[in-house]
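Notes follow once the structure below has been shown.
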Amino acid sequence: MSVETKAPAVNKPARAMISAERIRRRVRELGKQISEVYADIDTPLVMVVILKGATVFAADLLRSLTIPAELEFVSAASYGSGTSSSGHVRLAHMVEGPLVGRHVLLVEDIIDSGRTVDVIVKRLRRMGPASLRIAALLDRPARREVEVKI
């Protein structure tokens, strides 16, 4: 008696939609722009990073800055168990440090529906920052459900 087995299917790596070089170039451009905008502030810029997706982008962005910056983190989810937004944003962790009078840059990797960023921005504004802006690596306005100014 012989038993035939099939070799497991091998998934080919997906082709990158955006090259690594293009991403590196864009991160450097953003770093330069951010450094210019915040060149005259008296305290380090506070980069609030949305975990976990924006972590690598934030690290690369931090290295590209020519100004002092500090990192804070927020953990939020709006995807539930799937890949499309559930419409409900849950904040699992919010910034620990005081933001009153500080210049804050919210860092996100991809802005889709805008719901997560909207909820976090509203919460951060209540913490009294001197300014609040958003830096995103990728923007998907076609999927936007909530208006977000990037």
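Derivation of every value follows stated rules applied to the coordinates shown; laboratory data play no part. Because the structure is predicted, anything quoted here is derived from the model rather than measured. Using ideal geometry, Cβ is built from the backbone for each residue, glycine included, and neighbour counts are taken over all protein chains shown.
Restricting attention to region 132-150, which residues are farther than 22 Å from residue 60 by Cα and either small (Gly, Ala, Ser) or outside any loop (DSSP other than H, G, I, E, B) (or both)?
141, 142, 143
To keep it simple, each residue is scored yes or no on (1) surrounded by 18 or more Cβ atoms within 10 Å (Cβ to Cβ); (2) in contact with a Cys (Cβ under 6 Å, 6 or more places away or on another chain); (3) within 24 Å of residue 44 (Cα to Cα).
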{"site": "102", "(1), (2), (3)": "yes, no, yes"}
{"site": "105", "(1), (2), (3)": "yes, no, yes"}
{"site": "120", "(1), (2), (3)": "yes, no, yes"}
{"site": "130", "(1), (2), (3)": "no, no, yes"}
{"site": "134", "(1), (2), (3)": "yes, no, yes"}
{"site": "137", "(1), (2), (3)": "yes, no, yes"}
{"site": "142", "(1), (2), (3)": "no, no, no"}
{"site": "148", "(1), (2), (3)": "yes, no, no"}
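Out of region 43-77, which residues are free of Cβ contacts under 8 Å to residues at least 60 places away in the same chain and among the aromatic types (Phe, Trp, Tyr)?
If the condition is that a residue be free of Cβ contacts under 8 Å to residues at least 60 places away in the same chain and among the aromatic types (Phe, Trp, Tyr), then 73 is the only one that fits.
Within region 121-150, work out how many residues are under 13 Å from the mean Cα position of the chain (by Cα) and small (Gly, Ala, Ser).
Counting residues in region 121-150 that are under 13 Å from the mean Cα position of the chain (by Cα) and small (Gly, Ala, Ser) gives 2.
Just the residues that are without any contact (Cβ under 8 Å) to a residue 40 or more places away in the chain and in a loop (DSSP other than H, G, I, E, B), please, taken from region 119-129.
Hits for region 119-129 are 126, 127, 128.
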